[in-house]
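Derivation of every value follows stated rules applied to the coordinates shown; laboratory data play no part. Fair warning: this is a prediction, and the values are worked out from it, not measured in the lab. In this analysis, Cβ positions are derived from the backbone assuming ideal geometry, glycine residues included, and neighbour counts consider all displayed protein chains.
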Amino acid sequence: MMTNSYTSFVNHSCVPNACWMKIGEDALFVRAARHLRKGEEVTTSYLLRLPTAPLPMRAAGLRTLGFKCSCPRCLFEESIERFTEMSTLPEWLYIIAHQISSYEAESFMECEMLQGICGKGIKKLEWGLKNLISLSDNEGKQQWMRCSFWAFYILDMLDCAFQRRSTLMRDMETLVRAVHHTMGASEDLLLLVRKLVRRGVIQSPPVEAILAPMSVCLYGKLPSSSLKKLNDLRISMEE
Ligand SMILES: C[S@@+](CC[C@H](N)C(=O)[O-])C[C@H]1O[C@@H](n2cnc3c(N)ncnc32)[C@H](O)[C@@H]1O
């Protein structure tokens, strides 16, 4: 873990190996999001808004900071775009899907049109991932793409929840693992899954196990009572 004075030397990557941890106004930490190899460059995501988002949105965010990212995830996403055509879906669609899945999960059942579009997009993407990527490094790259479109996956999953509830847990686990693999953590996804557990849409014990590594990235190795206090503090600061 490194603190304020060193964090300004950390470069950006869309597949970072560390994440920011800010406590209060003054404390800024960079903490490892995965095991770091000796000599490996430490990177974080500079994208404060929607860091998990698809390539065009990440690129636009980084343009405002004055550079183009050439990390493996960006290069891969660019190379597969002409097959999946995911960027033909408008940016507002992603933003709305993200807002609904992150903050307004209560109303997810009322978004049939949006869910239909997201579902079609995801089917095309999954087809592309299965058929277009060489088998050698298929798994990791699939994870990156699922991370980029996690809000679409959530809407699609919840849309289908009543027809195939038994697979919801497995799909959710796959998605959380994909985001963890790519980014270390997404606080939005973490909060959403917790919300779904509270509402009884998915069951708690297995979810806790898959969320644990994300919680550790965001808040460190703290007991759940402290995590809750931190989360409550963050939410009350936003209100
Ligand atoms: C906080 S500094 C990072 C440390 C800086 N590279 C240095 O040597 O001091 C931020 C600047 O580093 C550059 N930078 C960081 N990540 C980059 C990346 N993935 N690709 C290109 N430039 C990057 C950009 O110019 C950015 O404005």
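Restriction of the chymotrypsin sites (Phe, Trp or Tyr not before Pro) in the stretch 38-79 to DSSP coil positions whose beta-carbon has at most 12 other beta-carbons within 10 angstrom yields 67.
Using the structure shown, select from 38/195; 38/123; 123/195 the pairs with a Cα to Cα distance greater than 29 angstrom. If you can, show how the numbers build up before the last one.
On the way: 38/195 38 Å; 38/123 40 Å; 123/195 26 Å.
Result: 38/195; 38/123 exceed 29 Å.
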